[in-house]
Amino acid sequence: MSRGKLFIVSGPSGVGKSTVLRALFAQNSNLYFSVSATTRDPRPGEEDGVHYHFLSMDTFREWIAKDEFLEYAEFVGNAYGTPRKYVDEALDAGKDVILDIEVQGAEQVCAKRPETVTVFIAPPSWEELERRLTARGTDTAEKIQKRLQRAKEEVLKANNYDYFVVNDTVENAVQELSAIMIAEHCRPDEKMTHLV
Ligand code: ADP
Ligand code: 5GP
């Protein structure tokens, strides 16, 4: 059995990453979603250990001190990080792993693991992104403006990613993301081992 592949999905807050990933996971059982740690408050419906590990800032600092994170970064006033252990366990078990992380964290992971495949998910327009953030109803008007400001900075880094997917409809975005993952498993180093 070959080791799984590590994928990063980044993109502006509110673009629909969670929505697209939920649909992708519903149709693919050999995938592992890396549950991040965060110091932000849970949104209605979010469960500890399922959507995030919700930590106090003190506990987050302890995890940093114990070197538990593959990467971590600040995002609009909160800390977010990827626990390394579960990622490696899933990869060793042959599962593909998806990290839903912002661009600074993506840079850290790619520096440590250059084989990581990165996908940037973008909105069809800035107006639509603001509409989605507002419609989600989880952030104050001030936080929405901060997230939009951060989105404009993040898009400037999209060129560093391997792939760019526009989330116009969830169906299209899932189809493109699946196609990328399938293509990444069609590289010679993985496919030709039975012949050499
Ligand atoms: P993210 O995880 O990127 O922050 P979410 O998945 O929470 O974004 O989506 C933000 C909002 O946009 C949600 O209300 C979601 O239902 C909506 N949404 C996601 N994808 C689409 C789409 N393709 N078209 C319209 N609305 C969408
Ligand atoms: P949200 O608060 O909307 O759930 O997430 C805000 C941003 O944090 C999103 O861009 C999301 O991709 C990013 N994020 C979530 N988990 C992590 C993580 O573990 N590390 C980093 N660097 N970013 C994360």
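Each reported figure results from applying straightforward, stated rules to the coordinates on display, with no laboratory input. In this text, all values refer to a predicted model and were calculated from it rather than measured experimentally. So basically every Cβ, Gly included, is an ideal-geometry build from the backbone, and we count neighbours across all protein chains shown.
Against the globular-protein guess of 2.2 N^0.38 Å, express the Cα radius of gyration of region 109-191 as a ratio, rounded to two decimals.
Working: Rg = 15.6 Å, N = 83, 2.2 N^0.38 = 11.8 Å.
It is 1.32.
Ignoring solvent entirely, what values of log10 I(q)/I(0) come out of the Debye formula for region 46-88 at 0.22, 0.26, 0.27, 0.32 Å⁻¹ when each Cα is a single scatterer?
Log10 I(q)/I(0), no solvent term: -0.78, -1.06, -1.13, -1.31.
Structure shown: which of LYS85/LYS191; LYS5/LYS157; LYS95/LYS143; LYS95/LYS157; LYS112/LYS191 lie over 32 Å apart, alpha-carbon to alpha-carbon? Please report the intermediate quantities before stating the final value.
Working: LYS85/LYS191 27 Å; LYS5/LYS157 23 Å; LYS95/LYS143 35 Å; LYS95/LYS157 28 Å; LYS112/LYS191 25 Å.
Result: LYS95/LYS143 exceed 32 Å.
Please go through region 30-71 and write out the trypsin sites (Lys or Arg not before Pro) that DSSP classes as loop and that have at most 13 other C-beta atoms within 10 Å.
Working: sites: ARG40, ARG61, LYS66; in loops: ARG40, LYS66.
Listed in order of number, the matching sites are LYS66.
For region 89-190, which trypsin sites (Lys or Arg not before Pro) pass both filters: DSSP loop (anything but H, G, I, E, B) and at most 15 other C-beta atoms within 10 Å? Intermediate results must be reported in sequence, preceding the final value.
Values: sites: LYS95, LYS112, ARG131, ARG132, ARG136, LYS143, LYS146, ARG147, ARG150, LYS152, LYS157; in loops: LYS95, LYS157.
Qualifying residues, ordered by number: LYS157.
In nm, to one decimal, how far is the modelled label at ASP162 from the one at PHE25, with both set 7 Å along Cα→Cβ?
With each label point 7 Å from Cα toward Cβ, the separation is 2.1 nm.
Normalised by the empirical 2.2 N^0.38 Å for globular proteins, what value does the Cα Rg of region 9-113 take?
1.04
Size of the dipole of region 54-112 about the Cα centre, Lys and Arg at +1 and Asp and Glu at -1 on the beta carbon, nothing else charged, in debye to 20? All intermediate terms of the calculation are to be shown ahead of the outcome.
Numbers: 6 positive and 13 negative charges, 17 e Å.
Result for region 54-112 is approximately 80 debye, rounded to the nearest 20.
Debye sum, Cα scatterers, region 47-196, no solvent: what log₁₀ I/I(0) at q = 0.10, 0.13, 0.16 1/Å?
Once normalised to I(0) and log-transformed, intensities are -0.45, -0.76, -1.13.
Please give me, ordered by residue number, the GluC sites (Glu not before Pro) of region 19-77 that lie in loop per DSSP and have at most 11 other Cβ atoms within 10 Å.
On the way: sites: GLU46, GLU47, GLU62, GLU68, GLU71, GLU74; in loops: GLU46, GLU47, GLU68.
Answer by residue number: GLU47.
Once you have the alpha carbon radius of gyration of region 1-47, what is it after dividing by 2.2 N^0.38 Å, with N set to its residue count?
Numbers: Rg = 12.9 Å, N = 47, 2.2 N^0.38 = 9.5 Å.
Relative to the rule-of-thumb radius for its length, region 1-47 sits at 1.36.
Roughly how many nanometres apart are two label points built 7 Å out from the Cα toward the Cβ at MET1 and SER18?
Distance between label points: 3.0 nm.
Compute the distance in nm between two label points, each set 7 Å from the Cα along the Cα-to-Cβ direction, one at ASP58 and one at GLN145.
3.4
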